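The values are calculated or read from the model by the stated rules, or taken from the named source; none is laboratory data. In this text the structure is predicted, and so the values were computed from the model without any measurement. Quick reminder, even Gly has a Cβ in these numbers, built from the backbone with ideal geometry, and neighbours come from all protein chains shown. Just the protein is used for accessible areas: all its heavy atoms, side chains included, with ligands, DNA and RNA removed. Shrake-Rupley method; radii C 1.70, N 1.55, O 1.52, S 1.80 Å.
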Amino acid sequence: MEIIEEGQVELIQKPDVEEFRKFVREKKRRGLVDKVMDEKEAVKEFVHDGDYIGVELYGTVRAPLSVIREIARQGKKRLRLAGQGLLEIDYLLALDLVEAMDVTYIGYEVLGLSPIFRRAAESGKVKIAEWSNGAMSWRFKAAAMGIPFIPVRSMLGSDTFKYSSAKVAKCPYTGLKLCLLPALILDVGIIHVHKCDKYGNAVIEGISGFAFEMARASKRLIISTEEIVSTDEIRRYPERTIIPYFLTDAVVYAPFGSHPGEMVYLYERDEEHLKMFLEMAQTVEGTRKYMEEYVLSVKNHQEYLEKIGIEKLLKLKYERMER
Amino acid sequence: MRYSKTELMICVAARLMEDYSTCFIGTGIPMLAASLAQKLYAPNLIPIFEFGGIGAILKKLPRAVGEGRTFYRALAATGICDIMETAQRGFIDYGFLGGAQIDPYGNLNTTVIGTYEKPKVRLPGSGGGNDVGSLCWRTIIIMKHEKKRFVEKVDFITTPGYLTGKGKREEAGLPEGTGPYRVVTDLAVCDFDEETKRMRVISLHPGVSLKDVIGNTGFELLVKEPLEITQEPTEEELRVLREEVDPQRYYI
């Protein structure tokens, strides 16, 4: 295949599909094993310094924040990150735990830019590669397919391409110019779901973002869940299982695990807390204060929820979502 | 009748939304425009949100492209690969985008102001912008009309417009027959000249002179004679917008 152009950023994670196959053969358990553990154990066992980690979905939606706060507390270093995470990325950036990032969009939409990401990017402290949302999701798809790259029709002609690690090639069948995206195999994927059994068979309600692909692109997968259900319930509606057990390594019970983000049909995002966070994040000083108060000095997720307060949490619950 | 510039932009964008069409809806003004269009002009409009919502009823305004309101009473709730692949197959008619900078060829920047290596301001990045601008048939851009935003050359092409002129999109490999269609600003509506693919003003908003528009544009803007005058928001549009679309005034 003739390569016509190349993005100029060195790949942050190489698409080694042969090594991935070997890993899956040797390390992924086949049996139905109880995988329930708390954040502390899950992070200790499956997240290591230097790992490439990914969080699923974007912004404040279905955000796996209980696990991320634990990664921050354990101070895992030199992390490389992917995904369209937002608070997840900001927390880790704020503590200088990040070395490199594949970026698509880091901003708070209606609420504006991310001051923490801005400082990190503008100071040049973190190595960055640019991608589009489609591109990132397709990179997971390629890894899920077990192939090293996937050809697409996005990113062509743009600086987004130039500052990525994609390549342009001529299609051997049609002669069209295509953008080749390298598969993105994660060391650890982290996904927050609505329901899951103890083996890690997971159900997501509403849109599924890129959970399907990312779960399959991850060597290790930590699932945090609002509810642990019986396997009998999973077996009754197997078509709802987006993430089957064999992809999952840890099941973490985390009610309100997405707070201050939202969980559709369960609770809304905590606008007040978000605004406070963004206000504090304007300065390095304020950021440090926030991180100290809501992440570092908090022992575990339970304590975090107590800190936010049951009244506040109940107020965020959907009264009865109209469907 | 009094109305704000933002309200006018929303009304103009809503009128551009065609009934029985599929539209990529991004955060902000496009959401309000889609909601207004659904209520007044295009009851069969299918809003598509990049993280998976297809055909939502926009009863309440979403605040983000993945949140619950993007698939409230929707026809399907899928995922981002499916949505982007649907666009890549040619099914999505319109995409609505904004940006920090735009150039005469409709190239958009949402990545950095200044140089990439030492940015003055780091912006959020592409998100779905690059995919929307690359893959849907017609892109409608909604932006505030300012000299510092309408620049001769964007600092970074996050989302391709016509690149450097006619045929350049196709040369780069982008699907044939796609590209920027209209630019809706707080001063005017522009399209792109068929021959040069450069931005051209086609309609002035009420009370705005051509001089105002040119004075707020940092490049040579083509003019389509005779220039039209944009229709003001109707009372009905304003009422629906204020009372039904955004009663909490998130945006207006």
Legend entry - Distance in nm between pseudo-label sites at A:LEU176 and A:LYS22 (7 Å out along the Cβ direction from Cα): 3.6 nm
Inset, instruction - Stick to the Cα atoms of segment A:1-53, pair each with every other, and give me the Kirkwood hydrodynamic radius in Å at one decimal. - result: 15.0 Å
Inset, instruction - Would you mind checking which residues have amide H under 5 Å from A:LEU81's amide H? H placed 1.01 Å from N; only 5 or more apart, or other chain. - result: A:ILE53, A:ALA100, A:MET101, A:ASP102
Inset, instruction - State, as an integer percentage, the relative contact order of chain B based on alpha-carbon contacts under 8 Å between residues 6 or more apart. - result: 18 percent
Legend entry - Percent of beta bridges antiparallel (DSSP, segment A:104-233, rounded to nearest 5): 55 percent
Legend entry - segment A:186-323 - percent relative contact order, Cα under 8 Å, separation 6 or more: 22 percent
Inset, instruction - Could you work out the Kirkwood radius for the protein assembly as shown, taking every pair of different alpha carbons, averaging 1/r and inverting it, reported in Å? - result: 24.2 Å
Legend entry - Cross-link reach list, aspartates and glutamates versus B:LYS153, counting only Cα pairs under 17 Å and skipping chain neighbours closer than eight places: A:ASP159, B:ASP103, B:GLU220
Inset, instruction - Return the subset of A:LYS76/B:LYS120; B:LYS168/B:LYS197; A:LYS127/B:LYS168; A:LYS77/A:LYS127; A:LYS141/A:LYS219 for which the Cα-Cα distance in this structure is over 20 Å, preserving the input order. - result: A:LYS76/B:LYS120; A:LYS127/B:LYS168
Inset, instruction - For segment A:96-198, report the accessible area per residue in Å² (1.4 Å probe, heavy atoms, rounded to an integer). - result: 29 Å²
Inset, instruction - Round to a whole angstrom and tell me the spacing of the C-alpha centers of segment A:242-297 and segment B:21-81. - result: 26 Å
Inset, instruction - Only counting protein heavy atoms at a 1.4 Å probe, give the residues of segment B:120-138, ordered by number, whose accessible area falls by 40 Å² or more when the other protein chains are present relative to the chain alone. - result: B:ARG122, B:PRO124, B:GLY127, B:ASN130, B:ASP131
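How much accessible area per residue does segment B:68-221 have, in Å², with a 1.4 Å probe?
Normalised by residue count, the accessible surface of segment B:68-221 is 36 Å².
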Legend entry - Interchain or long-range residues, amide H under 5 Å from A:GLY209's placed H: B:ILE80
Legend entry - Listing of segment A:47-70 residues, each with accessible area lower by at least 20 Å² in the full protein assembly than in the chain alone (probe 1.4 Å): A:TYR58, A:VAL61
Legend entry - Dipole moment magnitude, nearest 20 debye, chain B about Cα centre, only Lys, Arg, Asp, Glu C-beta charged: 720 debye
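Given R₀ = 25 Å, what would the calculated FRET efficiency be for B:GLU228 paired with B:ASP193, taking r from the Cβ atoms and rounding to 0.05?
Computed FRET efficiency for B:GLU228 and B:ASP193 comes out at 0.95.
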Legend entry - Charged-residue dipole, Cβ positions (Lys, Arg, Asp, Glu), the protein assembly as shown about Cα centre, Debye nearest 20: 780 debye
Inset, instruction - Pull up all non-local amide H partners of B:GLY161: gap of 5 or more, or a different chain, and H-to-H distance under 5 Å with H placed in the peptide plane. - result: B:ASN107, B:LEU108
Legend entry - Positive-end residue, chain A charge dipole about Cα centroid, Cβ charges, pick of A:ILE53, A:PRO64, A:TYR294: A:ILE53
Legend entry - segment A:216-323: GluC sites (Glu not before Pro) falling in loop per DSSP and having at most 10 other Cβ within 10 Å: A:GLU319, A:GLU322
Inset, instruction - Please compute the net charge surrounding B:ILE252, taking Lys and Arg as +1 and Asp and Glu as -1 over other residues with Cβ under 9 Å from its Cβ. - result: 0
Inset, instruction - Would you mind telling me the share, in percent, of accessible area of segment B:55-146 contributed by carbon and sulfur at probe 1.4 angstrom? - result: 58 percent
Inset, instruction - Could you tell me what percent of the DSSP beta bridges with both partners in chain A are antiparallel, to the nearest 5? - result: 40 percent
Legend entry - Percent antiparallel among DSSP beta bridges (both partners in chain B, rounded to 5): 45 percent
Inset, instruction - Could you work out the relative contact order of segment B:115-252, using alpha carbon pairs under 8 angstrom and six or more residues apart, expressed as a whole percent? - result: 22 percent
Legend entry - Test item: Cα-centred dipole of segment A:224-319, Lys/Arg +1 and Asp/Glu -1 on Cβ, debye: 100 debye
Inset, instruction - Starting from the eigenvalues of the Cα gyration tensor, five times each then square-rooted, give me the equivalent ellipsoid semi-axes of segment B:38-88, largest first, whole Å. - result: 18, 13, 8
Inset, instruction - Evaluate E = 1/(1 + (r/R0)^6) for A:ARG30 and A:LYS275, where r is the Cβ-Cβ distance and R0 equals 41 Å; express this FRET efficiency to the nearest 0.05. - result: 0.30
Inset, instruction - Summarise the accessible area of chain A (1.4 Å probe, protein heavy atoms) by the percent that is carbon and sulfur. - result: 49 percent
Inset, instruction - Please list the radius of gyration and Dmax for chain A, considering alpha-carbon atoms only, with Å as the unit. - result: 19.5, 61
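Can you run the Rg to Rh ratio on chain B? Use alpha carbon positions and the Kirkwood inverse-distance Rh.
Here the Rg-to-Rh quotient is 0.95.
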Inset, instruction - Determine the total buried accessible area between chain B and chain A, counting protein heavy atoms only with a 1.4 Å probe; round to the nearest 100 Å². - result: 4300 Å²
Inset, instruction - Starting from the Cα of B:LYS59, draw a straight line to each of the aspartates and glutamates and keep only those under 16 Å, dropping any in the same chain fewer than 8 residues away. - result: A:GLU322, B:GLU67, B:GLU237, B:GLU243, B:GLU244, B:ASP246
Legend entry - Partner lysines for B:LYS211 [C-alpha distance under 17 Å; skip if fewer than 8 residues away on the same chain]: B:LYS144, B:LYS147, B:LYS148, B:LYS224
